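Notes follow once the structure below has been shown.
Just so you know, all these numbers are worked out from the coordinates, no wet-lab data involved. None of the values given here were measured: they were computed from a predicted structure. Glycine also receives a Cβ, built like all others from the backbone with ideal geometry; neighbour counts cover every protein chain displayed.
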Amino acid sequence: MTPEPRLVEVRKNVLKQNDLIARTLRERFREAGVLTVSLVSSPGSGKTALLEKMLTLLQPAFKVAAIVGDLATENDAARLARSQAPVKQILTGTVCHLEAAMVQNALDGWDLGSLDFLFIENVGNLVCPSSYDLGEDVRFVLLSVTEGEDKPLKYPTIFNSADVAVITKSDLAAAVDFDEAAAQRNIQAVRPGMEVFKLSAKTGEGMNELLEYLARRRANSRRVVAASNSK
């Protein structure tokens, strides 16, 4: 039998170590009572615009913060800072995804117990992030109407690893002849039963439904933790 290539063995070890750190992070988030949400997508799908909108709209009622990953520049962090929420930038250099250790390091100095929501914006990529657990409670995968309805079929792994699909830039749907029914079918073909939100961070369409979903997830998470601690 031909032995596995050394590269495969190294990759397995890297993912195993990542999973161990992610497990520690998940427990840390649970104990702090913060709901952690990650966002993954291809470049240009509107992740930063959506995140800025969510940070801004959630703040009157909740305490929020964000971590944003990019290969280079701190442009996104500067943009998100306009929401007045605490923001930290992770520069990954040549790495095309965030890893649990990067998130762990970025949390240094933050009081998680003072937060209701922590958002993690991953590097724009629909391949690499699918393999790396960041300890998040919920993973959003974004698909903009400008990208085409077959994105879920082309990148099934990321849709399978996510909890929620978000169709963004709905204000441009008519201009680009976006077939929402086809997109919905493709999402369900890859991940049956997946919850889907269609919205526009620019016009606000669909934002209330997404924020209500987040509030419900946080409330449910708090109830589960409270029930567990009372045993």
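Do any trypsin sites (Lys or Arg not before Pro) in the stretch 156-220 lie in a loop, going by DSSP, with at most 10 other beta-carbon atoms within 10 Å of their beta carbon, and if so which?
none
Roughly how large, in nm² to one decimal, is the mean projection of the convex hull of the alpha-carbon atoms in the stretch 114-231?
8.7
Relative contact order of the stretch 82-135, please, whole-number percent, based on alpha carbon pairs below 8 angstrom and at least 6 residues apart.
It rounds to 49 percent for the stretch 82-135.
Based on alpha-carbon centroids, what's the gap between the stretch 122-160 and the stretch 62-83 in Å, whole number please?
The stretch 122-160 and the stretch 62-83 have Cα centres spaced 19 Å from each other.
Which length gain, in nm to one decimal place, applies between A174 and A72 when the Cα-Cα distance is subtracted from 0.36 nm times their residue separation?
That pair, A174 and A72, stretches by 33.4 nm at full extension.
Projected onto the charge dipole of the chain (+1 at Lys/Arg Cβ, -1 at Asp/Glu Cβ, origin at the Cα centre), which of A219, A183, F197 gives the Cα projection farthest towards the positive end?
Farthest towards the positive end: A219.
Counting other Cβ atoms within 10 Å of each Cβ, which trypsin sites (Lys or Arg not before Pro) in the stretch 49-118 have at most 16 and sit in a DSSP loop?
K63
Once both labels are modelled 7 Å past Cα along the beta-carbon direction, what's the T92-R216 spacing in nm?
About 3.1 nm, to one decimal.
When the helix-only estimate is applied to the chain (DSSP H runs of n ≥ 4, each -39,500 (n - 2.57), divided by the residue count), what is the mean residue ellipticity at 222 nm, nearest 500 deg cm²/dmol?
-13000 deg cm²/dmol
How far apart, in nm, are two points set 7 Å out from the Cα along the Cα-to-Cβ line at S131 and at N13?
1.5
So how far apart, in nm, are the two label points at R223 and N160 if each is 7 Å from Cα heading toward Cβ?
3.2
Filter K63/K169; K53/K198; K47/K88; K53/K169; K47/K169; K47/K151 down to the pairs with a C-alpha to C-alpha distance above 19 Å, please.
In this structure, K63/K169 exceed 19 Å between Cα atoms.
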